[in-house]
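Read through the structure below, which is laid out as structure tokens, and then see the notes.
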Amino acid sequence: MHQGERDIMELLSIQGLTKHFAVHRAFGGRKQVLKAVDGVSFSIHDDHVMALVGESGCGKSTVARLS
């Protein structure tokens, strides 16, 4: 390690994050599964900034709530 460098600490590590919702169809339709988040993995370190971006409805808020 050089002078001024320090160990980078991992603050959060997520592996294979998954969240599925049961969706009931109206008028007795079959129950379906909505895969809101499926297999998301990431790590956040103390010297980095992370941004989660994507289209509306792609699961960003769900990932944030589950993490």
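Worth pointing out:
- Within the stretch 15-58, the set of residues being in contact (Cβ under 8 Å) with a residue 12 or more places away in the chain and of a type in the set (S, T, N, Q) comprises Gln15, Thr18, Ser41, Ser43.
- Once the stretch 1-21 is narrowed to residues that are over 15 Å from Ser67 (Cβ atoms) and at pLDDT 90 or above, the residue that is farthest from the chain's Cα centre (by Cα) is Met9.
- Test for Ala22: is it assigned to a helix (DSSP H, G or I) and either loosely packed, with under 11 Cβ neighbours inside 10 Å or basic (Lys, Arg) (or both): no
- Residues that are outside any loop (DSSP other than H, G, I, E, B) and of a type in the set (Val, Ile, Thr) were ranked within the stretch 34-67; the one that is farthest from Thr18 (Cα to Cα) is Ile44.
The values are calculated or read from the model by the stated rules, or taken from the named source; none is laboratory data. In this text the structure is predicted, and so the values were computed from the model without any measurement. We place every Cβ from the backbone using ideal geometry, glycine too, and count neighbours over all the protein chains shown.
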